[in-house]
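Each value in this text was obtained by applying a stated rule to the coordinates, not by laboratory testing. Values in this document were obtained by computation on a predicted structure and should not be read as measured data. A quick note on method: Cβ atoms are made from the backbone with ideal geometry, for glycine too, and the neighbour counts reach across all protein chains shown.
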Amino acid sequence: MNSPYSFDHLHLRSPDPEAAAAFYVSAFGASIKARMTPGGRVRVVMDLHGVPVFIEEVPAGTHAPPKPPFLGIEHIGLTVQDMDAAVADLAAKGVALLDGPREARPGVRIAFFAAPDGVQVELIERKG
């Protein structure tokens, strides 16, 4: 079946993204591809064997996740070729739009949708 969706990235949040990235490099052989500071927060971009992983610094005072058995991730990112068509498709399926679509930076539009168990799915349309 031909689908308009494909995997884009995994986005993790950490009070110390450098230490977290070092763990993934050491434990699993990830490679660091870039470091940046969007919004003034450190973001380490890694390649975890073909899976792009962003580890971004959380603001001071950010609450830690609840104690187990709670597990989770920040969001799952999926690439789409046509944001408007994807948003309409998900709306027709009853998927709740949480934010967007909006331009994250020139040539990049994003939107966030609710998924089960509090997970968020980000759609990303990259043009140019």
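Estimated from helices alone, the mean residue ellipticity of the chain at 222 nm is -5000 deg cm²/dmol (sum of -39500 (n - 2.57) over DSSP H runs with n ≥ 4, per residue). Mean-square fluctuation check for the chain, GNM, Cα pairs under 10 Å: which of His49, His75, His11 is largest? Looking only at His49, His75, His11, the biggest GNM fluctuation is shown by His49.
Around the Cα centre of the chain, unit charges on the Cβ atoms of Lys, Arg, Asp and Glu (plus for the first two, minus for the last two) sum to a dipole of about 200 debye. For the chain, the C-alpha radius of gyration sits at 1.12 times the compact-globule guess of 2.2 N^0.38 Å, with N the residue count. Here the contact order of the chain, divided by its residue count and restricted to Cα pairs under 8 Å and six or more residues apart, works out to 24 percent. Computed from Cα positions, the angle between helix 17-28 and the longest principal axis of the chain comes to roughly 90 degrees. FRET efficiency for the Ala114 to Ala22 pair, using the beta carbon distance and R₀ = 25 Å, is estimated at 0.15.
One decimal place: the segment Ala96-Ser6 gains 30.4 nm when fully extended, by the rule 0.36 nm per residue minus the C-alpha distance.
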